[in-house]
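The structure appears right after this line, and notes come after that.
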Amino acid sequence: MIFEGVNQIGTIGDWGLKGCLIDKVTSAGNLMSRESLAFIFPNPSIENSTTIVFNQQGAAKIFLWDMLGKKIGIWEKKSGQNEMHISNLNIPKGVYFWEVCFDHFNIEKMKWLVP
């Protein structure tokens with residue numbers, strides 16, 4: 001996948017993500033995948049909020065970026081929390097990327113469409 005706005009040293013925007021491999025994109029086919037650490041629904045978003053369901057225990061940080069690498073928001077999952085509802089009323093239509101970080105080795109990346 002190629003991102004617009006990638007500079008010559010491979011970083012995107014101010015968050016410096018290198019490589020930009022989006023490895024698990026949610027869709028109807030893998031929405032409830034047991035191997036996923038988290039999944040998002042509905043996707044594409046058809047309501048005023050979206051839900052992230054966590055399949056792993058423990059605290060986590062959740063990041064949302066737009067296609068140009070602009071950080072849209074950061075949320076925190078508390079230990080014991082199984083799902084999180086996030087309003088999308090102030091998010092413009094477009095394609096976004098979620099990243100759920102449980103630690104440096106357990107990271108789930110998801111594509112999200114707001115039509």
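For beta carbons closer than 8 Å, sequence separation of 6+ or different chains, a first residue in segment 45-68 that is on the phi > 0 side of the Ramachandran plot and a second that is surrounded by 14 or more Cβ atoms within 10 Å (Cβ to Cβ), the qualifying pairs are Gly58/Phe102.
Step by step: first the residues of segment 104-115, then only those that are assigned to a loop (DSSP other than H, G, I, E, B) and either in contact (Cβ under 8 Å) with a residue 40 or more places away in the chain or in contact with a Pro (Cβ under 9 Å, 6 or more places away or on another chain) (or both), then the one that is nearest to Phe39 (Cα to Cα). Which residue is that?
Asn106
Note on segment 14-91: enclosed strands (runs of 3 or more DSSP E) holding 2 or more residues that are surrounded by 13 or more Cβ atoms within 10 Å (Cβ to Cβ), among the aromatic types (Phe, Trp, Tyr) and at pLDDT 50 or above are 38-41, 60-66.
Listed here are the residues, each with its yes/no results for (1) out of contact with any Gly (no Cβ under 6 Å at 6 or more places or on another chain); (2) within 14 Å of Pro42 (Cα to Cα).
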residue	(1), (2)
Ala59	yes, no
Phe63	yes, no
Leu68	no, no
Lys78	yes, no
Ser87	yes, yes
Ile91	yes, no
Tyr96	yes, yes
Ile107	yes, no
Lys111	yes, yes
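Restricting attention to segment 83-95, does a residue exist that is β-branched (Val, Ile, Thr) and touching a Ser or Thr at 6+ places or on another chain (Cβ under 7 Å)? Checked against the condition, which is being β-branched (Val, Ile, Thr) and touching a Ser or Thr at 6+ places or on another chain (Cβ under 7 Å), segment 83-95 yields at least one hit.
The values are calculated or read from the model by the stated rules, or taken from the named source; none is laboratory data. Remember, it's a predicted structure, so these values are computed and weren't measured experimentally. So basically every Cβ, Gly included, is an ideal-geometry build from the backbone, and we count neighbours across all protein chains shown.
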